[in-house]
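Notes to accompany the following structure.
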Amino acid sequence: IYDLERLAGRIAMGVANGRDLIALKNSLLILPGVRSILQKFSVPRIRVLDAGIDEMADISDLIERTIVDNPPLTLREGGIIKEGCDQELDKLIFAMRDGKQWIAQLEEKERQSTGINSLKVGFNSIFGYYLEVTKANADKVPESYIRKQTLVNAERYINQELKEYENIVLHAEDLRKEREYELFGGIRDKIAGEIKRIQDTASLIADLDALATLA
C-alpha cells in the first residue's frame, strides 16, 4: 500500500498526476484482502480497525475505468485517459488513427445519398479535404455542398460533416491533449471531494502497520 496520506495531499492540492491515481487505485484494491485477514481476529482494537476501513470501491472503479494502467508523468502530452469513457475524446483518437476508414465510409455514404457513383473524397495541402464531383454530375450536387475549387472536368465541394471532420483531424492531436487534460482534471477533482475518506482509512492502515511492526 502506497503512502495514502501523501497521495491524498497531492490530489487535494491539484498536483497529482496519472501515476499518483494509479498508485491510489492499486492501494485501494489491496484493502479487501487486508480486511479479509482482519476479520479472522477477535481482538477489540483490530475489530475497530476492520470496521473503520473504507474500501472505496467507487474511487478505484472510477480510476480503473478512466486512467490507463501506465500513464505518462506529464499531464499535457495525452495518453492518460482510456478509450471508451468519453465520446469526444474517442472521436479525436479515431480521427488520428482511423482517418482513412472514416473517409471511405463518408465517400460511400455520400455516393448513396447523392446517386453520384463517381464522387470521391480527397485531400490536398492547400484546399484541405474536399468532395469531388465531375461536371457531368453537377446537376446532382445537393444544396448543402459548398463549392471549394473548380477544375477543368470537376468541381470540388465541402459539406458540414466533412468541414467538422477537417477541423478535428487537422487539430486532433492538440485537441486530444486538451480534452485529456480536462477529463483528468475532472476525475482528480471528483476524487478530491472524497479526501476525508482516504485520510481516515490511511490513518487506520497506519495504526495497523504500527501494530504489525510491534508484533
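Summary table
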{"item": "Residue among His171, Leu106, Ile187 farthest towards the positive dipole end of segment 98-215, charges placed on Cβ", "result": "Leu106"}
{"item": "Total formal charge among the other residues, if their Cβ is under 12 angstrom from that of Val169, Lys/Arg +1 and Asp/Glu -1", "result": "0"}
{"item": "Across Lys100/Lys140; Lys82/Lys163; Lys25/Lys177; Lys82/Lys120, pairs whose alpha-carbon gap is larger than 29 Å", "result": "Lys82/Lys120"}
{"item": "Per-residue ³J(HN,Hα) for segment 135-148, Karplus 6.51 cos²θ - 1.76 cosθ + 1.60, θ = phi - 60°, Hz, x for Gly and Pro", "result": "5, 5, 9, 4, 6, 9, 5, x, 5, 6, 6, 10, 5, 10"}
{"item": "Candidates Lys196, Lys91, Lys140: whichever shows maximal mean-square fluctuation once the chain is modelled as a Gaussian network with Cα springs under 10 Å", "result": "Lys140"}
{"item": "Net charge of Cβ neighbours under 10 Å - reference Phe41; Lys, Arg +1; Asp, Glu -1", "result": "+2"}
{"item": "Pair Gln87, Gln160: separation of 7 Å Cα→Cβ label points (nm)", "result": "1.6 nm"}
{"item": "Packing rank of 40-48, 16-24, where each peptide gets the mean count of other beta carbons within 10 Å, highest leading", "result": "16-24, 40-48"}
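Laboratory data are not the source of any read-out in this text; all were calculated from the coordinates shown. Only a predicted model underlies this, so the values are computations on that prediction, with no experimental measurement involved. Glycine also receives a Cβ, built like all others from the backbone with ideal geometry; neighbour counts cover every protein chain displayed.
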